[in-house]
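Structure first, then comments.
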Amino acid sequence: MTQNSETYLRKSEHLLLRLKVDHILFWLSYAAIYSYLFPWGKSTQSSFYISLMILSFHAVIAYFNNNFLIPRFLLSRSYLLYALSLGLGILSVCFPLSIIVHFVIKNSELQSLVWSDTFFLFLVINVLFTVITTMVFKLIKQWYKDQKTTVELQQIQLQTELKFLKSQINPHFLFNSLNNLYALTLSKSDSAPEVVLRLSNILRYVLYESNQGTVSIRKEMEHVRDYVEIEKLRLGSMVKISIDIDAELTDEQVEPMLFLTLVENAFKHSEQLLPEQRFINIRANVTPVGFKFLIENSFNPSKKSEKMGGIGLQNIKKRLTLIYPNKHEINWSISEGVYKVDLHILW
């Protein structure tokens, strides 16, 4: 397609928008129906033209009502002023319509009725019907427009809230990870280089990949493994850590940092116990309808009255509600020194 053709198409689209094609189609369709119900002329074609001329008067009061009376009086609840203004507007077009019908209609019987009260009432009802019809269309169109705007605002609010929640989670997660590395460097552990490597992977994930919207379950679980390995190196063999992640992971997309935050919480909750009393069990597997993530950790029962989870778990619940409404199941329990979270994301 040449540049001139593209320019012509753009100008044509702009012109069609300015001409309000939907309005033109409405009035043409309305005129076709009107001419069928009221055959003013001797032929179908002449009836259509006469109907267009009559409806042009209807259109004047219809647009006056939609664009001035409704915003000025009806929406401001000035109902009496609205009714009076609309009534005067309808009467103002019915008088010239009577004159036009008298001169245009070539029907002696109809001409004799033009100046009767019955015919004038017929014209008033006709115009009123048109006004109500166009008003209903306008209100429906405005309702859809408002609904679209509401949805767009909700999406903006959703994205804003999600960004805020992530801004809380990421620094919290990074702070704890750096503390782990600091503890190893203080003890001059040989594991520090491996921790640096795994932590760099997690940092890349948190700072770059997790901000791209969604990630695959496979990638999220890779970083869960990295985090667990960092904790294993830091804590040593005295803490029992079990991780069982399904080898047949799919590339289904999930919200990033959901599962990492749960893992972080599990390690944090178990810190109040002696190393030999601590354990963390992680199990993740694909189900026929989604992805299931189960995590258990030991904790001090005397502390169970304190708020569990802190920022991390509270944010997870909020994010799940925002991103997966009616498409997730999350259950948590505290029993006999075991804190358990069972999360099921549904496709």
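Only the coordinates and a few stated rules stand behind these numbers; no lab work does. The shown structure was predicted, so the numbers you read here are calculated from the model rather than taken from an experiment. Neighbour counts are summed over all protein chains in view; Cβ atoms, including those assigned to glycine, are modelled from backbone coordinates with ideal geometry.
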Checklist entry - trypsin sites (Lys or Arg not before Pro), restricted to the range 187-244: which are DSSP loop and have at most 14 other Cβ atoms within 10 Å? => result LYS188
Next on the checklist: Using DSSP to call loops (not H, G, I, E or B), can you name the trypsin sites (Lys or Arg not before Pro) in the range 30-78 whose Cβ has at most 16 other Cβ atoms within 10 angstrom?
Outcome noted: LYS42, ARG77
Next on the checklist: Between the range 238-279 and the range 17-74, how far is it from one alpha carbon centroid to the other, in angstrom?
Outcome noted: 69
Checklist outcome for this item: Percent of all Cα-Cα pairs per 5 Å bin for the range 189-346, counting from 0 up to the last occupied bin, reads 2, 8, 18, 21, 22, 16, 9, 4, 0, 0
Item to check | Sites matching GluC sites (Glu not before Pro) across the range 232-272 that sit in DSSP coil, with at most 15 neighbouring C-beta atoms within 10 Å | outcome: GLU248, GLU252
Next on the checklist: With θ taken as phi - 60° and the coefficients 6.51, -1.76 and 1.60, list the Karplus ³J(HN,Hα) couplings across the range 190-199 in order, rounded to whole Hz; mark glycine and proline as x.
Outcome noted: 5, 7, 4, x, 5, 5, 4, 5, 5, 5
Checklist entry - Each residue of the range 234-245 in turn: what ³J(HN,Hα) in whole Hz from Karplus with 6.51, -1.76, 1.60 and θ = phi - 60°, glycine and Pro shown as x? => result 6, 8, x, 7, 5, 8, 7, 10, 10, 10, 10, 10
